[in-house]
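Trainee: Okay, here's the structure, questions in a sec.
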Amino acid sequence: MADQLEVEGRDREASEGRMPRVATAESLTGGLLSNALAVRKDAGEWYLGGVVAYAPSVKERLLQIGDAPVVSERAVRAMADNVAQLLGADISVAVTGVGGPGSEDGVEPGTVWIAVHGPRGTVARLHHFDGDPSEVCTQTCDVAVAALDREIQELDGAPC
């Protein structure tokens, strides 16, 4: 679970002498991802905040996904890139998908895109999770936090 993963701020420094600033953009998780980071040790030193863009219109207007389907690689990349710019973050993580129980816009439940934006670019990955909507959201959050953890670790070489 995400609450078992520690993102340490105080004892690690990025190449510029500080912990990277982190932002989130989330849709299907409805704030769960932001909460998982906000309760971590020293979060006030590195977590800037996030945008919970549950409605497609918010993703389109605020996160500027354009005419991309809301559950797509193009959308999640735009979400990650644009929330980093909006909040002035070094690293961001974005999630969008279908929790279920039914399909949405022809996309099967459990289909989730996760993207991490950082100094080396943006990487997006497609995932398929099983379970009810709550389980899909929990799995999404766990994988997103782990991806963020890896990005931070690769930037500064310190364990998370």
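The values are calculated or read from the model by the stated rules, or taken from the named source; none is laboratory data. The structure displayed is predicted, hence computed values, not measured ones. Here the Cβ positions follow ideal geometry from the backbone for every residue, glycine too, while neighbour counts run over all protein chains shown. The protein model used for the area step is the full one, side chains on, heavy atoms only, and it has no ligands, DNA or RNA in it. Shrake-Rupley method; radii C 1.70, N 1.55, O 1.52, S 1.80 Å.
Trainee: In percent, what relative contact order does the chain have, based on Cα pairs under 8 Å that are 6 or more apart in sequence?
Mentor: Across the chain, relative contact order equals 25 percent.
Trainee: In region 114-160, carbon and sulfur make up what percent of the accessible area (probe 1.4 Å)?
Mentor: Within region 114-160, the accessible surface is 50 percent carbon and sulfur.
Trainee: Let me ask something additional. Just how large is the dipole of the chain about the Cα centre, in debye to the nearest 20, putting +1 at every Lys and Arg Cβ and -1 at every Asp and Glu Cβ?
Mentor: Its charge dipole is roughly 400 debye.
Trainee: Once you treat every alpha carbon in the chain as an equal point and sum by Debye, what is log10 I(q)/I(0) at q = 0.08, 0.14, 0.15, 0.20 Å⁻¹?
Mentor: Results for the chain at q = 0.08, 0.14, 0.15, 0.20 Å⁻¹ read -0.20, -0.62, -0.71, -1.23.
Trainee: May I ask you to list the trypsin sites (Lys or Arg not before Pro) in region 60-160 that are in a DSSP loop and have at most 14 other Cβ atoms within 10 Å of their Cβ?
Mentor: Here the sparse-neighbourhood loop sites are 120.
Trainee: Also: Using each residue's phi in region 143-154, evaluate 6.51 cos²θ - 1.76 cosθ + 1.60 at θ = phi - 60° and report the 3J(HN,Hα) Karplus result to the nearest Hz, with x for Gly and Pro.
Mentor: Each residue's phi maps through the Karplus curve to give 5, 5, 5, 5, 5, 4, 4, 4, 4, 5, 4, 5 Hz.
Trainee: Given DSSP loops and a limit of at most 15 other Cβ atoms within 10 Å, what is the longest stretch of the chain that contains no such GluC sites (Glu not before Pro)?
Mentor: Between exposed loop sites, the widest span is 17-160.
Trainee: Angle, helix 73-87 long axis vs. longest principal axis of the chain, Cα atoms, 0 to 90°, nearest 10?
Mentor: Between helix and principal axis, roughly 40 degrees.
Trainee: Oh, and also: If each DSSP helix of 4+ residues adds -39,500 (n - 2.57) and the sum is divided by the residues in the chain, what number results at 222 nm, nearest 500 deg cm²/dmol?
Mentor: Using -39500 (n - 2.57) per qualifying helix, the result is -10500 deg cm²/dmol.
Trainee: Once fully extended, how much extra length lies between residue 62 and residue 150, figured as 0.36 nm per residue of separation less the alpha-carbon to alpha-carbon distance?
Mentor: 29.0 nm
Trainee: List the residues, sorted by chain then number, that are 5 or more residues from residue 111 or on another chain and whose placed amide H is less than 5 Å from its amide H.
Mentor: 98, 129
Trainee: Just add up the charged neighbours of residue 67: K/R +1, D/E -1, any other residue whose Cβ is under 12 Å from the Cβ of residue 67.
Mentor: Combined, the nearby Lys, Arg, Asp and Glu give +1.
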